[in-house]
1. Does residue B:180 satisfy the criteria of being in a helix (DSSP H, G or I), surrounded by 16 or more Cβ atoms within 10 Å (Cβ to Cβ) and not assigned by TED's automatic domain parsing to the domain that holds residue B:29?
2. Considering only residues of region B:187-199 that are in contact with a helix residue (DSSP H, G or I) (Cβ under 9 Å, 6 or more places away or on another chain) and surrounded by fewer than 22 Cβ atoms within 10 Å (Cβ to Cβ), which is nearest to the other protein chains (Cβ to nearest Cβ)?
3. Just to confirm my filter: which helices (runs of 4 or more DSSP H) fall fully inside region B:552-618 and include at least 3 residues that are under 20 Å from residue B:541 (Cβ atoms), outside the structural domain of residue B:126 (by TED's automatic domain parsing) and in contact with a Pro (Cβ under 9 Å, 6 or more places away or on another chain)?
4. Going through region B:413-454 one residue at a time, which ones are of a type in the set (D, E, K, R), in a strand (DSSP E or B) and either over 25 Å from the mean Cα position of the chain (by Cα) or in the same structural domain as residue B:565 (by TED's automatic domain parsing) (or both)?
5. Go through region A:17-34 and give me each residue that's modelled with pLDDT under 90 and farther than 19 Å from residue A:62 by Cβ.
6. Considering only residues of region B:353-393 that are among the acidic types (Asp, Glu) and assigned to a loop (DSSP other than H, G, I, E, B), which is nearest to the other protein chains (Cβ to nearest Cβ)?
7. The conditions are (1) in contact with an Asp or Glu (Cβ under 7 Å, 6 or more places away or on another chain); (2) within 13 Å of chain B (Cβ to nearest Cβ), and residue A:305 fails exactly one of them. Which is it?
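The values are calculated or read from the model by the stated rules, or taken from the named source; none is laboratory data. Just so it is clear, the structure is predicted and the values come from calculations on it, not from any experiment. Cβ placement follows ideal geometry from the backbone for every residue including glycine, while neighbour counts extend to all protein chains displayed.
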There are 2 protein chains.
Amino acid sequence: MSTEHLVIFTPSGKRGHFSAGTPILTAARQLGVDLDSVCGGRGICSKCQITPSYGEFSKHGVTVADDALSEWNKVEQRYKDKRGLIDGRRLGCQATVQGDIVIDVPPESQVHKQVVRKAATARTIIMDPATHLYFVQVEEPDMHSPTGDLERLQRALKTQWDIDGIRADAAILRKLQPILRKGKWQITVAVHQGHNDAHSRIIDVWSGLHEGGIYGLAIDLGSTTIAAHLCDLADGSVKASSGIMNPQIRFGEDLMSRVSYAMMNPGGDREMTKAVRVAINELTQEIAKEAEIDPWLIVENVFVCNPVMHHLLLGIDPVELGQAPFALTTSESLSLDARDLELTAMNSSGRIYILPCIAGHVGADAAAVALSEEPNKSEDLVLVVDVGTNAEILLGDKTRVLACSSPTGPAFEGAQISSGQRAAPGAIERIEIDAETKEPRFRVIGSDLWSNEDGFAEVTAVSGITGICGSGIIEAVAEMRMAGLLDPSGLIGSAEQTGTARCIPEGRTNAYLIHDASADGGPTITVTQGDIRAIQLAKSALYAGARLLMDEMGVETVDRIVLAGAFGAHISTKHAMVLGMIPDAPLDKVSSAGNAAGTGARIALCNKASRVEIERTVVEITKVETAIEPKFQEHFVAASAIPHATATFPELSKIVDLPAVSFNTAGSNKEGGRRRKRRG
Amino acid sequence: MSTEHLVIFTPSGKRGHFSAGTPILTAARQLGVDLDSVCGGRGICSKCQITPSYGEFSKHGVTVADDALSEWNKVEQRYKDKRGLIDGRRLGCQATVQGDIVIDVPPESQVHKQVVRKAATARTIIMDPATHLYFVQVEEPDMHSPTGDLERLQRALKTQWDIDGIRADAAILRKLQPILRKGKWQITVAVHQGHNDAHSRIIDVWSGLHEGGIYGLAIDLGSTTIAAHLCDLADGSVKASSGIMNPQIRFGEDLMSRVSYAMMNPGGDREMTKAVRVAINELTQEIAKEAEIDPWLIVENVFVCNPVMHHLLLGIDPVELGQAPFALTTSESLSLDARDLELTAMNSSGRIYILPCIAGHVGADAAAVALSEEPNKSEDLVLVVDVGTNAEILLGDKTRVLACSSPTGPAFEGAQISSGQRAAPGAIERIEIDAETKEPRFRVIGSDLWSNEDGFAEVTAVSGITGICGSGIIEAVAEMRMAGLLDPSGLIGSAEQTGTARCIPEGRTNAYLIHDASADGGPTITVTQGDIRAIQLAKSALYAGARLLMDEMGVETVDRIVLAGAFGAHISTKHAMVLGMIPDAPLDKVSSAGNAAGTGARIALCNKASRVEIERTVVEITKVETAIEPKFQEHFVAASAIPHATATFPELSKIVDLPAVSFNTAGSNKEGGRRRKRRG
């Protein structure tokens, strides 16, 4: 019997005794140490790099001799010559135990890497996607014991990776034979193990060791914009992010107009389904191009969306969502093939996961926000507001979570705004107005410079200054109010009333001029009275939804507020409060989470256990229906002012001093205020 | 507590005690009595009809009073008025127990009906298809407890039918909402539970009680012909049978020519795949039309086919099957969606089952023959020969089964025969030649009359007499040999040599005239020397395959022989023996089984347990490879004569006395005999 040596892995601290000659990779696997390998220990994938430590380790009570590992071997040398290997690193599959040893597993060698997210409060993502790569050596066929190539591949996956009961679709069967022969019976297999599938399935096969990686798309399918992150499924890194307008806008700006379109036009739902699928295919190609990867390597998509987009994506007529009792076709999560949704730009055997819906008006996007922001695990009472054409609002703590959806309309996404545009280079995303001079300065997406700083003209020369995005319009309106250009009722003062020539007449009302490039043939960017009205409607709906949940919960204040939105960058919490979008709260208790729904999609993409988690969570969330609740209407009507009632904003008044102006004079109040329509 | 009464069911003999008021259907279910119901006891499907018996039953030790069942009720009366009900019948869901009672379950009320097959030796099929219909009452949606329509349907299937974990594809999701509402929340669901699926799936939904039935196709996909049976999945009855030529013939008559076509022509495999799928779609429409059903009601297809057809159906390049080691892409059974194979003529959510293959040359058709003829359960040694373009040959008993495939070419299917045609109305399928007069008489498909019987001209007026099908050519050649028109080497004698003017010169050889309608513009049907040569090649290959298995088994004779073939009706066993297609055996030990592969497909369609069974059986069958076995070639060369060596046919010589003729004279032996090519 050979001698047993102590092997200690750091940082996990796992330890065990192994006989001389045991490869470090084998020891790691037996101890459950998280050491990666795609090639299964053949010395070709280099995923199992480890760093041995030598000398005395009093902490571990062990002394490591210089010859505690087998000598550096040819396979390692060949790998180092060809691809490079950091000094001190060994390949875990080549180095074998020869004495007591301490082995460090560097972060990049861990299978279940942690993806560090930017926001400090946000959860980390543990990498464990549904699809992984495996390198296998398949037995060659033998006429005398006839089995199919697939059956021998199944056996290889079982013996080399302990993966059972795998299935392959017709597309994989079609390509398997030439791939096996080209790879000389060594192939890389992408295996998908769904969290609620009884069988694993082969998503793709490559000859030899596939080094091109596999990718997934996390898609936030909004009413107005479609935003996607392209993630590397090995480490969760975001390789590219991109967004396009939802082409369904031409059938109706808000959800209820689209439901109406489907009701009024036979086949209208199919038109909208086709439009959105085509757009997703275009976005897939575009984002792959940006990341410089073959779109075929995209093997998984995760979708989050509101119920109407959910149905239209699936090809279901959304008519039932337009009328009480707002019955969904299905509220559970869906696992589908890419071809079921005609997503032809990605891998044809790729898999789609759609998060569960909470109710007929509270969709998979709300579920994704819950997955990202975890109100159900919060110690204090948190209000999570996801701002979009439809706002998803969650209120709760670890004892109970309420959810509703509020029809804000697309104003917050830059639509229905005269100079509005989607968040893209050239769009104004930040704005400040000097309270004395009433002069604005601003920043556009793609540059860190303010418009009054040196070099601004040069860096914006390419993109131009094209309009105002969602987060920009929130700041603009709030800044106008703080600078005394806007009275609490939402009227813009005239040049006379405000003392600045930037307040220009527009019809019977006034507009505030932010940027005028008309001399150079560029746009004139203003905030008009109509824009203010659109924002007032949107923010009233948002506020009313939040208040409805607070009523239901029986509270007058919340402990903290998380503001999220798919559009643009993070929303300015201060400006949101000035606007009266959200209930009053101490400013340091209001945080901005970026695209929380998109983050939820990314979590579900990178970690399949999170799919199980959110499916369990949504059934415990209590849905509150805004559409039939008279109180919602009351809150909505009462919330029009900016902010709607200073008395109820004690925290806000601590940080800003809003000018007591009133422009409600004969000359400026005849504008035809748009009537609010329900936007679903 | 209510009184318990004895309920006895016949013919099962199952009995139990039930309290007064228990519906008979409920009692049957609790006892596991096989009593059908689609509507779940709502009195609308009438599947649960039963016949109560009254009076004294000494056998059962019970006396049944007149009031042992509840009174005839309104639901029964309404059903009887609307659809009719045989006197004495009751609805099992309406009639309740009121006293001791004897209940007979008529055959048509049993779920697991037995399908009686014509051949006495053949196994009966117990009806238990993978897809069943269920009628359910679904809860209406409620805004205050939001769940999707699918989730409420799932719950209904669980509570009303105890069916768990059901899934629905995108097509079902798309139609579910309107169907539910149209049916006022009562719908019929076709549920598929695959024998190796973890989840049931919804195949289709109908508003209210669907009375149109559901159907399945059992398809024998041969190299030359595609034959299908359309079966009612409720009772297994064959509603229509139809066949068409395999359009791949234009790419090559035999399998190896098609493999060559794929090798020589880039994209050639895809052309052939497309051709066969289009043909299956056409056949589906045709057979549905014949049965007067909506092809959409076809929810399952079972395919049996040889390995090359298997790959071409699946869209896999068959190139590997053309060269040793003849590796299949997959040998296991396949369960697929109809859309995976572009089978657009049937239900779009329909399911496909393809039987497993045994080896690279021994396909799912051989497996189907094994399922139908069950050599693995035989007490005596049975040789099963399935005649087609490729013959599947099985030899064995319950201890061991061997299988091989032999490349007979398409002659037995009427192809490569001058007057050959597929088995269709107008084709000669039976023929007799008078040994004295040398005059033929024949029968054509579609008529029971012989050509020399009164009325033959009238009944064949519509179809005409168009050619000879596979079983007809076997008889024709054997009859020619028995009538002394053909010598043992296979030469046709001249008019002079045979003494009949029906032997007419054709080039340097002779032909035998069977039917001449040229005066009426019809065809001249002859058997030419070339036809004889094609049949000789085919039968030698068949015989050589059978002999190879006998060698492998170490036997000189077999106990019995089963002759099967997809073409035409049953093969004449006597003629097959005269021809030397099969080894010598007592004539009463040779039986004809018709299309055994097609029957195997039908069994797999009607009984899902048989799928499990055949998947287990095939792995126990020993495959013998003809392509690389020198002995096969030896047997082949030695088997050319008709019959090839009288000495080895002691049993045959007991029943026929073959004339000792020889036409091997200068004038008739110069015909250029075709060279045999391997046909795969």
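1. So residue B:180 fits the description; yes.
2. So, considering only residues that are in contact with a helix residue (DSSP H, G or I) (Cβ under 9 Å, 6 or more places away or on another chain) and surrounded by fewer than 22 Cβ atoms within 10 Å (Cβ to Cβ), the one nearest to the other protein chains (Cβ to nearest Cβ) is B:196.
3. By residue number, B:573-579.
4. Scanning region B:413-454 gives B:432, B:441.
5. A:29, A:32, A:34
6. In this case the residue turns out to be B:374.
7. (2)
Residue-by-condition table, conditions (1) of a type in the set (Lys, Arg); (2) closer than 20 Å to residue B:433 by Cα; (3) at pLDDT below 95:
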| residue | (1), (2), (3) |
| --- | --- |
| B:524 | no, yes, yes |
| B:540 | no, no, yes |
| B:543 | no, no, yes |
| B:554 | no, no, no |
| B:571 | no, yes, yes |
| B:577 | no, yes, yes |
| B:580 | no, yes, yes |
| B:583 | no, no, yes |
| B:591 | no, no, yes |
